[in-house]
Structure formats: structure tokens, C-alpha cells
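Notes to accompany the following structure.
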Amino acid sequence: MSPATQYRRRNPFRLQRAKAWLRALAGAVLVFCGVPVGAQSSHAMQPFRVVGGLAGISQYTRWEEPFWTRELPRISGGRFRADIVPFDRAGVPGDEMLRLVQLGVVPFGTVLMSSLTANFPQYTAPDLAGLNPDIASLRASVAAFRPYLEQTLRKEQGVELLAVYVYPAQVLFCRTPLAGLSDLSGRRVRVSSAGQADFVGALGAVPVRTAFSQVVRSLETGSMDCAITGTMSGNTLGLHTITTHLYDLPITWGLALFGANRAAWEALPPELRALLRQELPRLESAIWQESERDTAQGVACNSGAAHCVSGRKGQMVVVPVSGLDEQRRQEIFRQTVLPSWLQRCGLRCADLWNQTIGAARGLGVPKNP
């Protein structure tokens, strides 16, 4: 039985919903080789659909959407153009995105790494909670893991990895004062991944998996005390108006994979594939640079600093990371987060870790942890 058939039998309603969404948007989410909609000839390339990341976030509004709708037509001299929609406004389930790309239901899609924890925990290694306290560490982790990621996605999922995007640092926004990590004990904290849940759970906090779109409501109603989200994402949501303290420790960063169904990729004209191979790394680089800037700008704007230029000014208290908490971060990663990931990932992942990130970062583990 093929993977596609198995998926259809296990998830008939999800698959029908995704296909209905794609049919409904077929006139808007298409790429043609310079042939207007409604005027395709028999020689027009078959359309492919592009599904992007989170709506309303700068990665999408300032980079993904403009690339496909404006930059691609410009650099191709009008030969290629595209429209793109964010997955969270299109009814595409984020935790099924990689599977849908694998099946070709979504030929081109942006996959949040945090959504892979349940089905593909091996791919989440570069952004485990507590692993990367700064963007230089994150770059080193991704560089060490990327060859495996590219090869295994292609071989096991039939997905061509075209770019790795990153969101700003994911930090803590809290409704009441805190001086450090120990103050999280007993608080209900919004998390977006199992790794984040492991991290805050080790501190005695209560992790609550909550969708990005529900963060504001959960904090306003008091059902959560703190939330982990991006420094600038939190500002965009307006968290600077409903929380008082921002703890300046990147717990994770929020990686996203942009990939293509292998058959859909190979069906593109060679000149378009060559163009995307050339331009998508530039888009990736721009997104990483923007993420680093937005991390700093998010802190500045949420606290109302004078050098805030790209967000709304708040009056939050920024809590710096103490030496004691930096030591605690390392302990939690080694003693809780990494062992939990290895348990979810399976026996082969100790070797995988040691051969990639563990070797690059000096964080090796025993083969039978």
C-alpha cells in the first residue's frame, strides 16, 4: 500500500479539506510561464501551488510573499510569476504540511519545524529548546545538520529542501514580574513544541500547547501566565500591552523548512529550477538577517527603547539572563531536553546527533543514553 493511500485511509477528512481548499484557490495560487489566467495554451506549464508560513509575520509579509509575487516576475523578465497564501489562513493543518508536500497535495510548502515533533522528531534537532542561546549557535547547529536534512528529506519523504527560514528568538512574555527562570515554577506557560514543554516543565512550570492565533486571548483571560513566542511576533500580536516582563533568553528560534514535492520540482522547466536554486538561498539569507534584526528590535520596541523603529513601543521590563540562569539552561538542555528528544526520536538518533550537531557543538551523548 502506497504512503498516499495509507494517508487517505487514516485522514480522509483532512485530505478532502486540503484538496477542497486548493481547488478553491486554484485561480489565485498558480504559477504560469508568463501566460495569463484564462488564456493558457496547450504549451503552458502545469500550475503549482505555493503555501507560505504564518500570516502577519514579517517573514511572510516582507519576504515570502514579495518574492513570489513581485521579485520572481522581475528577475525572470516576466516569464514566471506566482501567488502565495499563508498556511494558517488557508485551512491547511500545520502538523500535516510535510506529509501533504510528500503526497503532492501541496506541491510547494513552508513547514514549521515545531510541527514535526510527533511524526518526524529527527528533523527537529537543530532548534531544540535551550540548545541555541544566540543566533551564532543556531547557525552552527543548522550548518552541521543540513546535509542530513537535505539527504533524508529527499530519500525518505521525496521532498526537495529548497530553503531553511528562521523566525526571531522565541522568548518569555509574562503577565506578572519575574526575576529569572526559577520564578516560572507553578506558572502556566504557552509553548509551541514538545521541546519547549520539556524545558519549562523542568522548571516546575505547566506547559500549555496553544496555537499562535490564541495566545492573546489566553493571556487576556488569565488562562495562561506567560507565553513563549518571538520578540517581534509578540509585539505584532500586542503582547506589550497585556504582559509586563520579557525574559531575554532565546528558548528556541523557530525554524521553517521550505520544500517541494520531488515530482513537482522535477516537472518545472529547467530554467525555472535553476533560477530558484540561485535565488532562494538569497531569500533565505535575507530572512536570517531580518530575524536577527527583528530579535533586537522586538526587545527594543516592547520595552519602549529609543532605537525602536519597526514596531510599537511598550513599557515592558526586560529581564537580562543571569549567569546562574545560563548555567541552568545548559543543565536543562543536557539533562532533560536532549534525553527526551532522543527518546522520542528512537535508537538511531544518538548516532545522528553525535555525527552532526553533537560533534559541531561539543555536545555528544552516549549511544545508549
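Just so it is clear, none of the values below were taken in a lab; they were calculated from the coordinates. On a predicted model such as this, the values are computed, not experimentally measured, just so you know. Note: ideal-geometry Cβ built from the backbone for every residue, glycine included; neighbour counts use all protein chains shown.
See the values below:
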| quantity | calculated |
| --- | --- |
| Cα-derived Rg over Rh, computed across the stretch 243-369 with Rh taken as Kirkwood radius | 1.09 |
| Gain on full stretching of the segment that runs from A179 to R79 - 0.36 nm per residue minus C-alpha separation | 30.4 nm |
| Residues whose placed amide H lies under 5 Å from that of L249, excluding near-sequence neighbours | L172 |
| Whole-Hz couplings from phi, Karplus 6.51/-1.76/1.60, listed for the stretch 321-329; x for Gly and Pro | 7, 7, x, 5, 6, 5, 5, 5, 4 |
| HN-Hα J in Hz across the stretch 298-303 - Karplus 6.51, -1.76, 1.60, θ = phi - 60°, x for Gly and Pro | x, 5, 4, 6, 5, 9 |
| Value at 222 nm in deg cm²/dmol, rounded to 500, when DSSP H runs of n ≥ 4 in the chain each add -39,500 (n - 2.57) | -11500 deg cm²/dmol |
| DSSP bridge orientation in the chain - percent antiparallel, rounded to nearest 5 | 60 |
| Whole-Hz ³J(HN,Hα) from phi, Karplus 6.51 cos²θ - 1.76 cosθ + 1.60, for the stretch 354-361, glycine and proline x | 5, 7, 10, 5, x, 5, 5, 10 |
| Spread of Cα-to-Cα distances over 5 Å intervals beginning at zero, given as percent, for the stretch 103-171 | 3, 14, 26, 29, 16, 8, 4, 0 |
| Kirkwood Rh (inverse of mean 1/r, distinct Cα pairs), the chain, angstrom | 21.5 |
| Placed amide H near D83: partners under 5 Å, 5+ positions off or other chain | L30 |
| Computed over the stretch 113-167: relative contact order in percent, which uses C-alpha pairs under 8 Å that are six or more apart | 20 |
| Cα Rg over Rh - the stretch 66-211, Kirkwood | 1.03 |
| Segment L347-T69, extension gain: residue separation times 0.36 nm, minus the distance between their alpha carbons | 95.7 nm |
| Rg(Cα) / (2.2 N^0.38 Å) computed for the stretch 216-298, rounded to two decimals | 1.57 |
| Relative contact order [Cα under 8 Å, 6+ residues apart], the chain, whole percent | 19 |
| Likely footprinting exposure, E71, E65, fewest C-beta neighbours within 10 Å first | E71, E65 |
